[in-house]
Amino acid sequence: MLQTTLCYYERDGKTLMLHRVKKKNDVNHDKWIGIGGKLEPGETPQDCMLREFAEETGLTPTAWAYRGVVTFISEDWTEEMHLFSATAADGTLRACDEGELEWVQTDALTRLPIWEGDKVFLRLMRQGRPFFHLTLVYEGERLAGAQLDGQALDVRAALGDA
């Protein structure tokens, strides 16, 4: 199973987002996501998050929290993503070779072109939900099912469509 991390850095009502427009054959092409990547052998989720954050932004988070685990299931792959948030970082922001970094109003994140399931965990994080496990089942790019801490979610309601 693919192991990844993703971190959302919020400061002054804005969140640092990566618009994935530079990488070829990118499953996230044209999507907006947080900062993260794949775990390397022997690396903990925390170590991976810190490494990827520094590689992609030039910044080092100094205040961060491990928020949850999100399991993605689709016809073609399964991924376990370790989800983090940060509220402070040191360093100088620099360009990323995977896309364009941009500060976005935090309350506007769910209106960006993002994966449907990202709307679910972004809302959970905004609500201050304690550590959670979210399972997201995809059919293509459509969110077909979800469970939060082992309990089925109404997908349309979780996306705010109900």
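The table that follows gives values for the structure above.
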item	result
Nearest 10 degrees, 0 to 90: helix 116-126 Cα axis against the chain principal axis	70 degrees
Accessible area expressed per residue, the stretch 12-162, with surrounding protein chains retained (probe 1.4 Å, Å²)	51 Å²
The chain: angle of helix 45-57 to the longest principal axis, Cα-based, in degrees nearest 10	60 degrees
Carbon + sulfur, % of accessible area of the stretch 73-162 - ligands and nucleic acids excluded, 1.4 Å	47 percent
In sequence order, calculated HN-Hα J values of the stretch 142-150 (Karplus, 6.51, -1.76, 1.60; Hz; x Gly/Pro)	8, 6, 9, x, 7, 9, 10, 6, x
Hull shadow area, averaged, the stretch 96-153 [alpha-carbon convex hull, nm²]	5.2 nm²
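The values are calculated or read from the model by the stated rules, or taken from the named source; none is laboratory data. For clarity, every value in this text was computed on a predicted model and none was experimentally measured. The area values use the complete protein model at the heavy-atom level, side chains included, leaving out ligands, DNA and RNA. Shrake-Rupley method; radii C 1.70, N 1.55, O 1.52, S 1.80 Å.
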